[in-house]
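Student: Next up is a structure, given as structure tokens.
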Amino acid sequence: MAIDLVLRRDWNARAPRGDYTQLDSTKGVKVHYTGGRVDPAIVSDHSRCVALVRSIQGYHMDGNGWIDIGYTFVACPHRKVFEGRGLYHLPAANGPGLNAGHYAVLGLVGDSGLLQPPDGVLHGILDAVQYVRDHGRAGKEIKGHRDGYATDCPGEPLHSWVRRGAPRPGGGDGTPEPGAPPFPGRLLKYPPVMRGQDVRTWQARMRERGFDLAADGAYGAESREVCVRFQREQGVAADGIVGPVTWRLAWEAPPG
Ligand SMILES: [Zn+2]
Ligand SMILES: [Zn+2]
């Protein structure tokens with residue numbers, strides 16, 4: 001799938017305050033998170049992604065005094081890639097002395113709120129990686145901001161993904177990965193009570209995670225309660241509804 005770029009004019013970016021320092025090539029990419037809270041509501045509302053990227057640019061320009069947003073690209077949960085400083089321009093986010101080595105790609109997750117990167121963020125980061133390799137003379141490296149710099153960034157979920165070699169969600173490199181069964185295609189919610197094998201499958205998985213819940217195939221008040229607790233634990237919107245993200249996290253999130 002081709003990269004789904006959100007150009008600067010599309011996110012209403014402010015013009016940079018000065019000239020970029022030009023880059024000839026880089027060793028690859030460093031992956032970042034926001035380092036602040038990301039509202040989980042962005043997952044269901046792309047306009048909130050746009051607002052967040054604009055606010056990050058404002059913070060970088062007015063707070064840090066940088067000429068522009070510090071990132072080369074920004075990946076959101078909708079597998080869209082915002083154009084930051086763009087190709088062949090020195091980023092600012094990697095830290096002093098480290099910006100010429102790698103392009104800087106932000107995944108829109110934070111240190112609270114939205115913690116676990118949705119698949120769209122991971123795909124978006126990889127789309128950006130491929131794009132800078134194809135068009136920006138970037139090398140093969142994919143590293144985290146904390147590799148070589150004293151910071152928690154990009155957070156444990158993104159960094160463990162980077163350490164595993166930044167695989168595409170759902171595989172694609174031929175090796176089957178343990179993961180979630182396919183999302184059933186309907187939202188599991190209450191009221192009214194919903195029944196089915198998909199409910200039973202999710203309940204059994206919640207039991208494996210240590211929740212006290214009967215795998216009776218009926219999604220009622222108890223299931224909703226477990227769902228809310230699990231969602232809070234994972235930092236996603238705690239709406240008590242098992243949608244695609246909550247379903248996937250049930251299998252793929254580290255044990256709580
Ligand atoms: Zn960072
Ligand atoms: Zn988005």
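Student: Using only alpha carbon pairs under 8 Å that are at least six residues apart, calculate the relative contact order of the chain and give it in whole percent.
Tutor: Relative CO of the chain lands at 20 percent.
Student: Against the longest alpha carbon principal axis of the chain, how many degrees, from 0 to 90 and to the nearest 10, is the axis of helix 221-234 turned?
Tutor: 20
Student: What is the list of residues in segment 218-252 whose amide nitrogen lies under 11 Å from a point 7 angstrom out from the Cα of residue 193, following Cα to Cβ?
Tutor: Hits in segment 218-252 for residue 193 at 11 Å: 218-222.
Student: Using the alpha-carbon atoms, what tilt in degrees (0 to 90, nearest 10) does helix 197-208 show relative to the longest principal axis of the chain?
Tutor: Long axis of 197-208 versus the principal axis of the chain: about 80 degrees.
Student: Could you list which residues have their amide H under 5 Å from that of residue 5, counting only those 5 or more apart in sequence or on another chain, with H placed in the peptide plane?
Tutor: Answer set, sorted by chain and number: 81.
Student: If pairing requires two Cys Cβ atoms under 4.7 Å apart, which cysteines of the chain are left without a partner?
Tutor: 153, 227
Student: Just to be sure I understand: if I project the alpha-carbon convex hull of segment 1-151 onto a plane and average over all orientations, what area do I get in nm²?
Tutor: 8.1
Student: What size of dipole, in debye to the nearest 20, comes out for segment 194-252 about its Cα centre when the only charges are +1 on Lys and Arg C-beta atoms and -1 on Asp and Glu C-beta atoms?
Tutor: Result for segment 194-252 is approximately 60 debye, rounded to the nearest 20.
Student: Counting alpha carbon pairs within less than 8 Å and at least 6 residues apart, what relative contact order, in whole percent, applies to segment 20-125?
Tutor: 39
Student: Sequence-distant or interchain residues sharing an amide H contact under 5 Å with residue 138, placed H: which?
Tutor: 26, 133
Student: What are the ³J(HN,Hα) values, in whole Hz, obtained from phi via the Karplus relation 6.51 cos²θ - 1.76 cosθ + 1.60 with θ = phi - 60°, for each residue of segment 124-136 in sequence order, with x given for Gly and Pro?
Tutor: Once rounded to whole Hz, the list reads x, 4, 5, 5, 5, 4, 5, 5, 6, 5, 6, 10, x.
Student: Once you've got the Cα coordinates, tell me which of 80/189; 27/80; 143/189 are over 32 Å apart.
Tutor: With Cα atoms farther than 32 Å apart: 143/189.
Readers should treat all values here as calculations from the given coordinates under stated rules, not as data from a laboratory. Computed from a predicted structure; not experimentally measured. Positions of Cβ are generated from backbone atoms using ideal geometry, with glycine treated the same way; all protein chains shown enter the neighbour counts.
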